[in-house]
Amino acid sequence: MLLLIAAVGAAVIGVLFYNVMPLYLGTMQDSLNLTASQIGFVASAFFLGFNISSASSYFWVRKLPIRSTVAGAVIAMALLLGTSAFVVNYAAVLGLSALVGACSGAVASVAATLMGDAKNAARWFGVKVAAESLGGVVLLFVLPIALIPALGFKGTVLGMLAMIGLLFPLLLFLGKKPIGEGVSVEAATGHDGAALADTASVRLEQNSAAQISLPALLWSRRAVWFGIFAMLLFFVGGSGVWAFEERIATNYGFDPTWVGGVLGISLIFAVIGPLVSGAVGQKFGNRVPFVIACVFTVAGIVAIAGSSHVAFYYALGACAFMFGWGGGMPFIYSKVAMEDPDGRHLALTIPAIGIGSMLGPGITGMFYGDGSIVVLQWMSVITVALAAALIWFSHAQPSPPPAPA
């Protein structure tokens, strides 16, 4: 249990930048007088680094010692964040963002892989996403009131560093060995506190025992790739809205303090959504509940886009969007974990998140400079709908028969 709680703490740190991204980018823009396109590329630089480190985790995530890897990445991340608060050169800002992203991606990959090995993975993925959102809730409430008015962008960074410092002691409960090593039979049956199942080794043995052709192998793994690409598309659409949600409110003339409160309240729904999905997924599977989550996400996007100067619509849309977006993520994690043939593909959901989160703000930033939300709205709606279709059709089926000789 302590190992998984520590993994949850690591997950919160790994996606902390993402969950405060609207305030981070907004206060950076005000501090450095950047354009909408420029702050979009700051987010893209972060996720470039995030993608490189998390994609490479396919090769190292089960080989490196857990505690030292995560602790080293978190310390480097904190030092780089602190430095970014004093840098004004735009090229240096992009470079630091990429390095912070690399550290974050490594931490997030280890945390996700640990969750995938849990005996009750669906529930722990729900806890993981809920805890990540809760960390954002705290900062989105505290920063606009306590730190940003006096310190601006430096206040945003200081709040993030304080959150990292509070969570860092949890990392001491991470194991010293690589993931999967030293896991007893009791863990696989759920009798010890860690409740970890060493499913990866079982899958590897099954794959090596079955001598199948390459086409049949690729066909049999299509379900896991559908899930990974669904995560990518889900984050292209969601991150495009999330990165500019605060800017949209500013253009509509809403009070900044009120907007910070609404964003914080919306993240409460991002906490509720994953907790609900963890329970629902055990009873009803992943497909139908995920489609329902996508409906909430799309409804929220439409409400935000159409709120104009109606504050109630903006608040309602923000809450519906985060309920659906946060609630949908555990279903994708769970689907990929179920279909993962060797226990290593689940880590690829992290670069999928990173690529989606890089493309979303980058694309929308280029078109949002004139204050128009039309491109952002329809890009988000279409990509979320495509993610729903991929999860719907990602159920495994028997491999096709081999071609006759």
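The values are calculated or read from the model by the stated rules, or taken from the named source; none is laboratory data. Quick caveat, the model's predicted, so the values are computed rather than measured. No Cβ is skipped: glycine too gets one built from the backbone with ideal geometry, and neighbour counts run over all protein chains shown. Just so you know, the surface numbers come from the protein's heavy atoms only, side chains and all, with ligands and any DNA or RNA stripped out. Shrake-Rupley method; radii C 1.70, N 1.55, O 1.52, S 1.80 Å.
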Report task. Assess whether residue 68 counts as being in contact (Cβ under 8 Å) with a residue 40 or more places away in the chain and open to solvent by 10 Å² or more (accessible area, probe 1.4 Å). Result -> yes
Requested in this report: Answer yes if at least one residue in the stretch 251-260 is at pLDDT below 85 and open to solvent by less than 30 Å² (accessible area, probe 1.4 Å), and no otherwise.
Outcome: yes
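If you check 37, 31, which single one turns out to be under 22 Å from residue 136 (Cβ atoms), in contact with a Phe, Trp or Tyr (Cβ under 9 Å, 6 or more places away or on another chain) and open to solvent by 10 Å² or more (accessible area, probe 1.4 Å)? Reasoning before the result, please.
Values: 37 fails: under 22 Å from residue 136 (Cβ atoms).
Answer to the selection: 31.
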Query - Near pairs, Cβ below 9 angstrom, 6+ apart or cross-chain, from the stretch 18-35 (under 15 Å from residue 47 (Cβ atoms)) to any residue that is hydroxyl-bearing (Ser, Thr, Tyr) - result: 18/104; 18/239; 18/357; 19/133; 20/156; 21/239; 21/357; 24/156
Query raised in the report: So which residues in the stretch 295-318 are in a helix (DSSP H, G or I) and either over 30 Å from residue 393 (Cβ atoms) or within 16 Å of the chain's Cα centre (by Cα) (or both)?
Result: 297, 311, 312, 313, 314, 315, 316, 318
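Kindly state which helices (runs of 4 or more DSSP H) lie completely within the stretch 77-175 and contain at least 1 residues that are open to solvent by less than 20 Å² (accessible area, probe 1.4 Å) and touching a Ser or Thr at 6+ places or on another chain (Cβ under 9 Å). Let's see the steps before the verdict.
Details: elements: 90-116, 121-142, 148-151, 153-167.
Correct list: 90-116, 121-142, 153-167.
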Report task. Could you identify the single residue in 349, 364 that is under 30 Å from residue 52 (Cβ atoms), modelled with pLDDT of 80 or more and either open to solvent by 10 Å² or more (accessible area, probe 1.4 Å) or assigned to a helix (DSSP H, G or I) (or both)? Result -> 349
Requested in this report: Mind telling me which of the residues 108, 121, 102 ends up being touching a Phe, Trp or Tyr at 6+ places or on another chain (Cβ under 9 Å) and at pLDDT below 85?
Outcome: 121
